[in-house]
Amino acid sequence: MNITEAIQTRRSIKIFKDNEPVSKEIVEQLLQAAIMAPNHHHTEPWKFFVLQGDGRLPLSRIMGEWAKTRVDDPASEAGQKRIEKLSAKPLVAPTAIVVALSPKAGNDKAIYIEDVSAVSAAVQNMLLEAHGLGLGAIWKSGPAYYAEPVKKYFELSEEEEILGVIFVGEPDMKKIPEAKRMPFEEKTVWITEDDK
């Protein structure tokens, strides 16, 4: 698969077969693709945590405990459903790769938005690599992943933060969704002459 085809056909896969985690060799291939992302001043501002099998359970418990603080009545049926939904997040695929922004301490050339952009590019590299290998993948983010107990579990410093989790596995979707994008023409301005 060439790069144009990979970009045009990659989709976020939300349903995975609950089978064996992705092999260590494949995960390492995804991580190698990630670290090839462009990063200004070579800050390499990323950190990864690979969770597989039962290794996903501690994060599930932590997110469940955090969820109890986010519902009005944890004992109610609605509260229990919300807690169960949040605690199930780390278990959607047999392999989860937690992606953190990890700025280099003391690097006065590092710029926050550029480091975030570099980590985002690393994530896209992983998604494209997974797609090229015939795997399903999705990048998930949100308050549950940014929560302080989650950050503490991964022993992140005050300057570090989780930008999301990539779930990877064998897809189990009957139909892959079509891409719905506004035409680029509607979001593009061409400037071809000096306005002076």
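The values are calculated or read from the model by the stated rules, or taken from the named source; none is laboratory data. Because the structure is predicted, anything quoted here is derived from the model rather than measured. Cβ coordinates were reconstructed from backbone atoms using ideal geometry, including for glycine residues, and neighbour counts include every protein chain displayed. We work out accessible area using only protein heavy atoms, side chains counted, and drop any ligands, DNA or RNA first. Shrake-Rupley method; radii C 1.70, N 1.55, O 1.52, S 1.80 Å.
Among the residues making up region 145-156, those that are surrounded by fewer than 19 Cβ atoms within 10 Å (Cβ to Cβ) and either assigned to a helix (DSSP H, G or I) or touching a His at 6+ places or on another chain (Cβ under 7 Å) (or both) are 146, 148, 149, 151, 152, 153.
The strands (runs of 3 or more DSSP E) located wholly in region 44-144 that include 1 or more residues which are among the charged types (D, E, K, R) and over 17 Å from residue 16 (Cα atoms) occupy 46-52.
When residue 82 is tested against the conditions (1) in contact with a helix residue (DSSP H, G or I) (Cβ under 8 Å, 6 or more places away or on another chain); (2) closer than 23 Å to residue 163 by Cβ; (3) not acidic (Asp, Glu), the lone failure is (2). For region 98-148, the tally of residues that are under 11 Å from the mean Cα position of the chain (by Cα) and charged (D, E, K, R) stands at 1. Taken together, the criteria place residue 36 among residues that are in contact (Cβ under 8 Å) with a residue 24 or more places away in the chain, assigned to a loop (DSSP other than H, G, I, E, B) and either out of contact with any Cys (no Cβ under 7 Å at 6 or more places or on another chain) or open to solvent by 70 Å² or more (accessible area, probe 1.4 Å) (or both). Whenever a residue of region 42-65 is without any contact (Cβ under 8 Å) to a residue 40 or more places away in the chain, its partners that are of a type in the set (A, V, I, L, M) and surrounded by 14 or more Cβ atoms within 10 Å (Cβ to Cβ), lying with C-beta atoms within less than 7 angstrom and at least six residues away or across chains, give the pairs 60/91; 64/83; 64/86.
In region 1-16, the qualifying residues are those that are assigned to a loop (DSSP other than H, G, I, E, B) and more than 19 Å from the chain's Cα centre (by Cα), and the one that is modelled with the highest pLDDT is 2.
Every residue in region 160-181 that is acidic (Asp, Glu) and either over 18 Å from residue 123 (Cβ atoms) or open to solvent by 20 Å² or more (accessible area, probe 1.4 Å) (or both), please.
Those that are acidic (Asp, Glu) and either over 18 Å from residue 123 (Cβ atoms) or open to solvent by 20 Å² or more (accessible area, probe 1.4 Å) (or both): 161, 170, 172, 178.
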